[in-house]
Amino acid sequence: MMAKIITFTLIFIALAASHLLIDEKGYVLISFNQTTIEGSIVSFTILLLLAITALVLLGKVVRWSWHRLVNTKGHFSRKRKLKAQQAWNESLWLFINGEVEQAATLLTKTPQPDERQDYVRAIAAKAALKQGDVVKANTELEAISDDNQGQLAALWLEANNSEQALALLDDKMSAAKPTSAVLSGYILACLQAKQPELAAAQIAKWHKKLNWSDTQWQSVFERMFVIAPEQADTLFNMLPKAVKAHAIPALNKVKLQQGRIAEVLGELKKLLKQGQYHQLADYLQHSTQSSNELKLALQQQLKKHPDDKELLFSLACLCNAEGDYELAAKIFDSLSANPWEARWSKQAQLAYEKMHTYEKAYLIAKS
């Protein structure tokens, strides 16, 4: 731009100074309407140069001011975005570390972009559920957009709204190949809605896509059989062979609760013989019927390991089941010398109450 101005100026000067070559004074006359302007070429040239210079300077000042104004607006915008991003990053780490309420509070104080609002509401719903405020959790969940409702089945379950969770997952379950996460959510929703037959049917159909650990499998089956213990055998028979091994521990506990120890006796004797005393005790705490054969076998093992806590607890459970509360209470008296385990409490409380030693029962219940 400046090069063009300089070139134009030089040409103009050359033309204006051409009169000097013929020894004439340059003269300029400008007339319009009733106005007349006249003067020498030199004066008009100087005025023109000054005007051009002033326009150039004015253009630079305007451009500089405009850039400063735009940059100032951008500065504040960038600052808000940076603050929102920092709050978002911090809240995610709080959420990952289990500090859900703090994460929700931080996001409430720092406005987030529109594209994050569904996540903010989901975190707020999770925080409300952790505080026991189901009403607020439902309000936050309902405000989340339809596009992301399909991701909320687990939260709807936590909010005791299994029907909504099932409704959200129905569409995804109708897909040709539902994901493992959708399948897991749907099965848990079925259990929450107390529909164990539907859960068992889905497991039978999709078990190869369920990447659950052994602990997760057993937890699901325990919930399933607790919902409908009278249907435990039917539900078990609905399962494919590859899955039944995971369901056997939960089924055995149901059988023991129903007084069907004879059906589980072989498994219990096997555990005793293999020295798996913890698993044996875990089973027998649910038993409502005793077995003389198993009781004698336990006593034989106790001669070899008189201080084994698992064997002692197993024997106490059998004593309670057959009504020998005196021996059970004596066993729990000896166990009280050891660090007390929470799973002993129910059986110990039963023995002490039956022996009318209510003070001991009260202390266990209180602890």
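Once both labels are positioned 7 Å from their Cα atoms along Cα-to-Cβ, the gap between Gln299 and Asp133 label points is 6.1 nm. Evaluating 6.51 cos²θ - 1.76 cosθ + 1.60 at θ = phi - 60° for every residue in the range 57-64, the Karplus couplings come out as 4, 4, x, 5, 5, 5, 4, 5 Hz, glycine and proline recorded as x. The calculated FRET efficiency for the pair Thr36 and Val61, based on their C-beta separation and a Förster distance of 35 Å, comes to about 0.55. Normalised per residue, the accessible area of the range 104-148 is 60 Å², obtained with a 1.4 Å probe and no contribution from ligands, DNA or RNA. Given a Förster radius of 56 Å and the C-beta distance between Arg78 and Ala54 as r, what FRET efficiency does 1/(1 + (r/R0)^6) yield to the nearest 0.05? E(calc), rounded to 0.05, equals 0.95. Cross-link list Lys253/Lys304; Lys136/Lys346; Lys244/Lys346; Lys79/Lys130: which exceed 31 angstrom alpha carbon to alpha carbon? Among Lys253/Lys304; Lys136/Lys346; Lys244/Lys346; Lys79/Lys130, the Cα-Cα distance tops 31 Å for Lys136/Lys346; Lys79/Lys130. Net charge in the neighbourhood of Leu335 (other residues with Cβ under 13 Å of its Cβ; Lys, Arg +1, Asp, Glu -1) is -1.
Surface exposure of the range 238-363, expressed per residue as accessible area with a 1.4 Å probe, stands at 52 Å².
By accessible area, using a 1.4 Å probe on protein heavy atoms only, the range 234-367 has 52% of its surface on carbon and sulfur.
The values are calculated or read from the model by the stated rules, or taken from the named source; none is laboratory data. This structure is a prediction, so every number in the text was calculated from the model and none was measured. FYI the Cβ positions are ideal-geometry reconstructions off the backbone, even for glycines, and counts take in every protein chain you see. The protein model used for the area step is the full one, side chains on, heavy atoms only, and it has no ligands, DNA or RNA in it. Shrake-Rupley method; radii C 1.70, N 1.55, O 1.52, S 1.80 Å.
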